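Notes to accompany the following structure.
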Amino acid sequence: MRVLAIRGENLASLAEPFAIEFEREPLRSAGLFAITGETGAGKSTILDALCLALYDEFPRVVAPGSRDDMPDPSGASIKEHDPRTILRRGAGRGYAEADFVARDGRRYRARCELMRARGRAAGKLQNRSRSLWLIDEGGAILEAVESGVEAVNRRILELTDLTFDQFRRTALLAQGDFDAFLRADARERADLLEKITGSEIYGSLSKRAYERWKDAVTALAALEERRKEIGVMPGEERDALLARCKESEEARARLSGEHKESVAALQRLDALAQAQEKLAFAQADCTMAEGTLAGLSNERQLLADLARVEPLRAPQAEMRRAESSFADAQTAATRASQQQDAARAALEAAQRGERAAFYALQAASSEIDRFQPLWEQASSLDARLDAQIQEEATALAGAQLAAERFAQAQTRLTQARAMEATERASRDAARAALEALASARPLSERWGEIEDWLAKRAEITKERIEASRAHETALAELTRAGDMRTSFDAQDENDREALGAVLAQMREREAALLALDAPAIQQRLDVASRAHDLLQAMARAARDHDAAQAAAAGARDDHLRVGAEGEALATLLARLRVAREAQAAQKEEAERLGELADATADAQALRLRQALEDDEPCPVCGATDHPFAHSDDAAQRLVEALRERRAAARHAVALTDKEIAEASEREARARALQEDARRRLLEAETAAQTAARDYAALHAQGPPAGTPEGVAQAAATIAALQQDLNAKREALMNLRTTARRLQEDVERLRKAADDRRDAIEARRTLRDGAETAARAAAEKRAALEQGLAGLKERIGSLDRSLSPFLALCDLSTADLDRDPNGARRWLEEAGARFGAAWQACEQAEARCAELIPKIAGLDAQAHSLAEHAKAAASAHAARADDLATTRAARAELLCGEATAAHRARHEAHEKALRAAQEAARGVLAEAGNGAAASDERGAATATALEAAQGALDAARVVFTEALATRGFSGDEASLLAFSREEASAMRDTVESAQTALRAAQAALAQRRADVAEAQAAGLPETPRETLAAREAELAGALDDATGRLGALAERLRQDDAARGRADALSAEIARAAATRKLWDEINAAIGSKEGDKFRRFAQSVTLEQLVALANRRLALLAPRYLLERAGEIGSLGLQIVDRDLGDERRSTRSLSGGERFLASLALALALAGLEGRDSFVDTLFIDEGFGALDAATLDVAIDALENLQGQGRKVGVISHVESMQQRISTKISVERRGGGVSVVRLRAAGFG
């Protein structure tokens, strides 16, 4: 990977856009360049921009502890580790961009954009946007590769093959993190070195070798075990077995023929017995149906009576409706009378209320006229009072403020004088405390050195404790490994014994399974199941045929009966329609005359008739003859007669319409019943034919012997055959269940045997691991014992340096061992107490000097405020006297009540009374309207009551005439209480009984024919018991013969399979043994379960090479030190060899800041020169660290960095060291511009 350019805008202090192009001069030809600028100018921000563009994070936000919340200009808060914190405050958007050459040799541009809502400086931070483009050599974008944070991050990782942590540890020695590789633990170094060398392939090879070896061992053991379990039959035993098979086949054929003859004879006997049994059932059913029909004689008579009284239903219903209408009219008339009385009472009450409201309003108006002069006088005094109250309040506030200011001044003066006394006492106490702590002065002045020594001693002590614990752990691991070997041996012995027992049980059950001959049992069961299914289908077809025949007979009878009823109803309906036409003509004439009668009885017509004069023309018809002008009785009789005629015509038409409707309904019902009977007849005949065809098709499939060929009456015979077949199937299924249980036992025992073998094999692997762990623990114990001795010597050297300072606090090195934190805290507190006493003394002197001029100023201020408070109190007293005089004068008017309130109260009272008068008038008008309306309703309800009475009388006359016309008495009319639904249900019950009788008679005839048919088929001479015993004996013998034959065939088949497996296994075992030997050798060299043996070896070799390269650099930078790989073979630890101390080995953490920097620089330069990598950056960035070097060492470091240019590498240095900046001619200068803004400029000889 090669970095081509870094760009950005509005990142921290770098507000303006900047672009650092490494492909352009002067950076293109510079092997070493510096990034310079004042502290805080933004030098490290350039490296942050590079990391943000590439990896969406940068070192400062991933540092430990950066997890607190911090405020944002938008008012929200964000985490310190949020990358968006780099966006400059006051900026609405910014970006970081980097161009680079990836592992594939192509150029890319990565960009991270930061923005706030709507681009405003105080807008809410938005989500980051990431983009990745493919660019050409001129920097032009060719195509978009990815977009989105996660997608770009994944693609950058693929292109660079470096995570952010790996990038910053190999190419970026960031500020405060320059020794990251040096401080990394073994796991982190392993990940980094794996990326450097591509050694992940070694881990894969190591795991694959182990897996292949384990597979080879398992495969060989399994093959050998399988060969042991195979049993091959001897030749003589096999020949004898073949002869027995032939004999068994001949015996089975002979038994099968005899068995078929016995079954056929038994089926003929069973068919006759079943036919006779069904005949008895049919006779009983027919007798029961006849009794049921006879028991319904009362219902049949009742149905006939109901048919006679049916025409009376319509007149009776009309009479019931008239009675209900009359009752409703009576209720309405009563309610109207009550409403008239209430309306008259309401009218009288409204009149009284209106008069009372009028008089109350006159009284209120007179009261307002009386108070008018008093309200004007009181208003004048109220205005004067408001002004005086304001003046008095202002004077009072001034007096109170003056008094308050005077009191505050007095308080401040008193507090200042008390503070002066307190500070003088504090100053004297601080001086005494300082003199008492004089002996602790060295602890305060040299605490930095003491703290460094204590930290080193604590670190070494911690290492010593950890080493001791590790030593004890190694001893425990040795003991545990021995215990594990002993335990594994005992468990292996137990599993081998259990394995032998399981194999013996498995062989026993396999022999029993072979004797049962499971395939032959299954074959016989399949044949029986097919026969069972066929018989079941044939029985279903026979039952369907019998049911269809019975249904057809019933439907045929229903069709004839209902057809006759329908013809009678059609004749009746034609006669009723002729009568209806005649009645319609009579009704039309009666309606016309009735309308004339209604017009004559109208109130207006009555007034006109009374106004007629003799020999004067009628204003309606123009006639001069007025026969009813002065005779009300004759006219009324004529009107009543015409109305009665119209009502009778209407009633006659209604009765005829009802009869037509009922007759039409019954005729339609009869047609529907006839159609339903015809449909049922067709369906039954079709079902019978379908059942017969299905039965014939099933019989053609070859049912068991004895199955009837014809479908008629075949159900009983088939049922008997099914019962016998079910018994045989149950016996076969029991045998199959036994065979399956034996097979399950074999499989269970085989699994148990495999589990035992797997357990033995697993313990063998664990035993190998325990032995390996024991060897490693022994090596580790020896190394730890050597390390403990060195740590003890280093602690003694530090104790000699600390002893003089411990003595100042009566402490010793034993106190450091017993309670290091307590001893350190005691020393630190002693030095801190001296420092605090010194600072307290200085601060007390300064505070005393500050209080003297402050007290003098407060005294003068208090005197001035006292004079001002006295004058303000006098002014307030004068204003209060004027206010009291005016209040006394106002209290005498209106009883002291406020003018506006007093006037408003009286005016509101008058307004309310005026509104009450208006309301009373409205109530009076509404009561008058209500009384008039109630009178009108009373007249209307009286007329309606009279009409309802007439309709009721007419309906009762019609019903009575209907009873007399048909010759019915009251008892017969009571039959109308039965509803049509009840009569219909009763009719259905009678018809069902008749249908059942016909079906029973048909079934009886069929059963008698079945008995005759069975007798004609011929019966065997042998008794049935003898035949049944012979059939059972033959069936058992046949089953035994079949079982023996199947068992013998299975034994032969198993022996054939065993011979084939045995031949194939011999060659396979030989190949597996050769494979096992090969993988034994490979696994011993490189294999491991976790893949770490070969991988750690490759990583340790890489680390050795890296340390060798680093030591070449370190020999120039710090000749005193030498880097060395620490720990056992394959370890990835690092330690320092101190040549000045006799090649003493110590931790890299014991180096000083400058020494750690030089060691880290040597490692970074070694990484830059390591060969065989395609995932590392060609530019090394170093942020600070040179300030810890002396002048000579600094020159050596710069020379080493300049030498990298010859290797095609670039090094960028960020440093404040002036001499270093002078040595480097090419600079990226970060210059302040004020207001927290910096700009980036390139500086080089002959450039810009």
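Can you pick out the pairs among K587/K658; K214/K751; K462/K1089; K751/K1089; K43/K456 whose Cα atoms lie more than 22 Å from each other?
As for pairs spanning more than 22 Å Cα to Cα, those are K462/K1089; K751/K1089; K43/K456.
Indicate the gyration tensor shape class of the stretch 200-274 (rounded, prolate or oblate), computed on the Cα atoms with a ≥ b ≥ c the square roots of the eigenvalues: a/c under 1.5 is rounded; otherwise a/b larger than b/c is prolate and the rest oblate. Write out the running numbers ahead of the final one.
Numbers: a/c = 9.17, a/b = 2.63, b/c = 3.49.
It comes out oblate by the Cα gyration axes.
Suppose each label sits 7 Å from its Cα in the direction of the beta carbon; what would the E472-R1059 distance come out to in nanometres?
Here the modelled spin labels are 7.1 nm apart.
About the Cα centre, and with charges only on the beta carbon of Lys, Arg (+1) and Asp, Glu (-1), how big is the dipole of the stretch 409-477? Nearest 20 debye, please.
540 debye
On full extension of the chain, what length is gained from A397 through E16, given 0.36 nm per residue of separation minus the C-alpha to C-alpha distance?
Length gained between A397 and E16: 131.2 nm.
At 0.36 nm per residue, and after removing the present C-alpha to C-alpha distance, how many nm does the segment from A668 to A432 gain when stretched out fully?
This chain segment gains 71.8 nm when fully extended.
Could you work out the helix-only [θ] at 222 nm for the chain, with each DSSP H run of four or more residues adding -39,500 (n - 2.57) and the total divided by the number of residues, to the nearest 500 deg cm²/dmol?
-27000 deg cm²/dmol, from helical runs alone.
What chymotrypsin sites (Phe, Trp or Tyr not before Pro) does the stretch 1052-1148 have in DSSP loop regions with at most 15 other beta carbons within 10 Å?
Working: sites: W1079, F1094, F1097, Y1121; in loops: none.
Taking the stretch 1052-1148 and a limit of 15 other Cβ atoms within 10 Å, no loop chymotrypsin sites (Phe, Trp or Tyr not before Pro) are found.
Taking R0 as 30 Å, what FRET efficiency do you get between I465 and L808 from their Cβ-Cβ distance, rounded to the nearest 0.05?
0.65
Can you grab the distance from the C-alpha centre of the stretch 349-427 to the C-alpha centre of the stretch 1112-1159, Å, no decimals?
Here the two parts' Cα centres lie 90 Å apart.
Relative to the compact globular guide of 2.2 N^0.38 Å, what is the alpha carbon radius of gyration of the stretch 245-298, as a ratio?
Computed over Cα atoms of the stretch 245-298, the ratio equals 2.39.
Say the dipole of the chain comes from +1 at the beta carbon of Lys and Arg and -1 at that of Asp and Glu; which of A476, S379, G930 then lies farthest toward its positive end?
A476
Name the residue from Q536, L503, F1186 whose Cα lies farthest towards the positive end of the charge dipole of the chain, charges +1 on Cβ of Lys and Arg and -1 on Cβ of Asp and Glu.
Going by the Cα projections, it comes out as F1186.
Using a basic spin-label model with each label point 7 Å from the Cα along Cα→Cβ, how many nm lie between A705 and D754?
4.9 nm
Cα-based Rg (one decimal) and Dmax (whole number) for the stretch 867-964, in Å?
Considering the stretch 867-964 through its Cα atoms, Rg and Dmax are 40.0, 131 Å.
Which entry in (1) 50.7; (2) 46.6; (3) 45.1 matches Kirkwood radius over Cα pairs in Å derived from the coordinates of this structure?
So the calculated entry is the one marked (1).
Which percent, nearest 5, of DSSP beta bridges in the chain are antiparallel? Show your work: numbers first, answer last.
Working: 56 of 72 bridges.
Beta bridges within the chain, antiparallel portion: roughly 80 percent.
Could you tell me whether the stretch 723-816 comes out rounded, prolate or oblate from its Cα gyration tensor? Rule is a ≥ b ≥ c as square roots of the eigenvalues, rounded for a/c under 1.5, then prolate if a/b exceeds b/c, otherwise oblate.
Prolate is the answer for the stretch 723-816, as a/c is 1.5 or above and a/b outweighs b/c.
If r is the Cβ-Cβ distance from A345 to E918 and R0 is 30 Å, what FRET efficiency results, to the nearest 0.05?
Working: r = 23 Å, r/R0 = 0.76.
Working from the Cβ atoms, E equals 0.85.
Note down the nm distance, to one decimal, between modelled labels 7 Å out along Cα→Cβ at E290 and at A243.
7.6 nm
For the stretch 71-129, calculate the relative contact order in percent as a whole number, restricting contacts to Cα pairs under 8 Å that are 6 or more residues apart.
Computed over the stretch 71-129, the figure is 33 percent.
Return the loop-located GluC sites (Glu not before Pro) in the stretch 221-280 (DSSP other than H, G, I, E, B) with at most 16 other Cβ atoms within 10 Å of their own Cβ; answer none if there are none.
Passing sites in the stretch 221-280 do not exist.
List the GluC sites (Glu not before Pro) within the stretch 808-853 that fall in a DSSP loop (any state other than H, G, I, E or B) and whose Cβ has at most 16 other Cβ atoms within 10 Å.
Working: sites: E828, E829, E842, E845, E850; in loops: none.
Passing both the DSSP loop test and the Cβ count: no residue.
Taking the Cβ of each residue in K43, K870 as the centre, tally the other Cβ atoms inside 10 Å and list the residues starting with the fewest.
Sorted ascending by nearby Cβ count, the order is K870, K43.
Contour minus end-to-end for V101 and R485, with contour as 0.36 nm per residue of separation and end-to-end as the Cα-Cα distance?
Full extension from V101 to R485 adds 132.6 nm.
How far is the Cα center of the stretch 78-135 from the Cα center of the stretch 529-562, in Å?
Between the Cα centre of the stretch 78-135 and that of the stretch 529-562, the gap is 87 Å.
Which of the DSSP-defined H helices in the chain satisfy a minimum axial length of 15 Å, computed from C-alpha atoms, and a minimum mean Kyte-Doolittle hydropathy of 0.0?
Working: long enough: 43-55 (19 Å, 1.20); 149-160 (17 Å, 0.17); 186-197 (16 Å, -0.70); 200-229 (43 Å, -0.93); 235-294 (86 Å, -0.48); 297-309 (19 Å, -0.35); 313-436 (135 Å, -0.58); 447-516 (97 Å, -0.59); 518-600 (111 Å, -0.36); 632-699 (99 Å, -0.75); 715-807 (122 Å, -0.60); 820-891 (92 Å, -0.32); 899-966 (98 Å, -0.20); 980-1016 (55 Å, -0.52); 1024-1086 (86 Å, -0.33); 1092-1117 (35 Å, 0.12); 1153-1169 (24 Å, 1.22); 1191-1203 (18 Å, 0.68).
Once both thresholds are applied, what remains is 43-55, 149-160, 1092-1117, 1153-1169, 1191-1203.
May I ask you to list the lysines whose Cα is less than 30 Å away from that of K728, ignoring any residue fewer than eight positions away on the same chain?
Straight-line reach from K728, under 30 Å: K246, K260, K278.
Fewest first, what order do K1227, K728, K854 take by the number of other Cβ atoms within 10 Å?
Final ranking by Cβ density, sparse to dense: K854, K728, K1227.
Which one, L560, A520, V578, projects farthest toward the positive side of the charge dipole computed for the stretch 511-587 from Cβ point charges (K/R +1, D/E -1)?
Of the candidates, V578 comes out farthest on the positive side.
State to the nearest 20 debye the size of the charge dipole of the chain about its Cα centre, where the only charges are +1 on K and R beta carbons and -1 on D and E beta carbons.
Values: 175 positive and 205 negative charges, 969 e Å.
Result for the chain is approximately 4660 debye, rounded to the nearest 20.
Along the Cα-to-C-beta direction of S337, a point sits 7 Å from the Cα; which residues of the stretch 924-944 have their amide N less than 18 Å from that point?
Under cut-off, by backbone N: 934-944.
Fewest to most neighbouring Cβ within 10 Å: what's the order for S248, S256?
Details: S248 19, S256 13.
Final ranking by Cβ density, sparse to dense: S256, S248.
Hey, could you get me the Stokes-Einstein D for the stretch 1-114, Kirkwood radius over alpha-carbon pairs, 25 °C and 0.890 mPa s, rounded to whole µm² s⁻¹?
161 µm²/s
Bear in mind that the values in this text are calculations on the coordinates, not laboratory data. Every value quoted in this text rests on a predicted model; they were computed, and no experiment measured them. Positions of Cβ are generated from backbone atoms using ideal geometry, with glycine treated the same way; all protein chains shown enter the neighbour counts.
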